[in-house]
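Here's the structure we're looking at; comments come further down.
The values are calculated or read from the model by the stated rules, or taken from the named source; none is laboratory data. All values reported here derive from a predicted model rather than from experimental measurement. All Cβ positions, glycine included, derive from the backbone under ideal geometry; neighbour counts span all protein chains shown. When the accessible area is computed, the model is the full protein with side chains, heavy atoms only, and any ligands, DNA or RNA have been set aside. Shrake-Rupley method; radii C 1.70, N 1.55, O 1.52, S 1.80 Å.
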Amino acid sequence: MNAHQSVASPRSAVPRLVVPRTVVLVGLMGAGKTSIGRRLAARLHLPFRDADNEIETAAGRTIEEIFEQFGEAEFRAGERRVIGRLLQDNPPHILATGGGAYMDPETRALIRSHGISVWLRAELDVLLARTSRRSNRPLLKQGNPREILGRLIDLRYPVYAEADITVDSIDAPPEETVERVLKALDSYPGVTLAGGG
């Protein structure tokens, strides 16, 4: 009877991690930054922020409209400002960034100074399957999505590899990747357990 009761709610017995700085999720479109980020925030009892949503709110336009009307350089400048504000103005939270955010050296430096970066690394086929479910990917409308994603992998993965933590975002339920992130954070310097453990 007692054994059954202890198995009934396994998560309630798991100590909660306390992160000293905002956890910033980086990676290509389709890596799961938003879906993993929301679940991770819930598990850590932290707010969740999506940089793309914050940029759209600040600009009063969609990401696609910003790209079309002002170009990528202007979008990146706005993105840098918004991410800088989110990193400095808020207590620790989970922040999902756009795929190109970490490629900007200034944005990368801000994240390094004020956050814990987690690269959600995913294979090409996983990214292709996930991105095909949504049509609001401006970069993927410029040609063959597989070729574009392949080029982005070649270009961006060496830079993403500079992140503090790398976790593979696999073709499995999001909770499995969340568990991988939590395990990686558990051994990251400065991360403690709730209650001072």
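Key figures
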item	result
Pairs where the first residue, in segment 100-115, is closer than 8 Å to Leu87 by Cβ and the second is in a strand (DSSP E or B), C-beta under 8 Å, 6+ apart	Ile111/Val24; Ile111/Val26; Ile111/Ser117; His114/Thr22; Gly115/Thr22; Gly115/Val23; Gly115/Val24; Gly115/Leu95
Tally, over segment 14-55, of residues that are part of a helix (DSSP H, G or I) and open to solvent by 60 Å² or more (accessible area, probe 1.4 Å)	5
Single match in Gly143, Gly115, Gly99 (criterion: on the phi > 0 side of the Ramachandran plot and either modelled with pLDDT under 90 or under 19 Å from the mean Cα position of the chain (by Cα) (or both))	Gly143
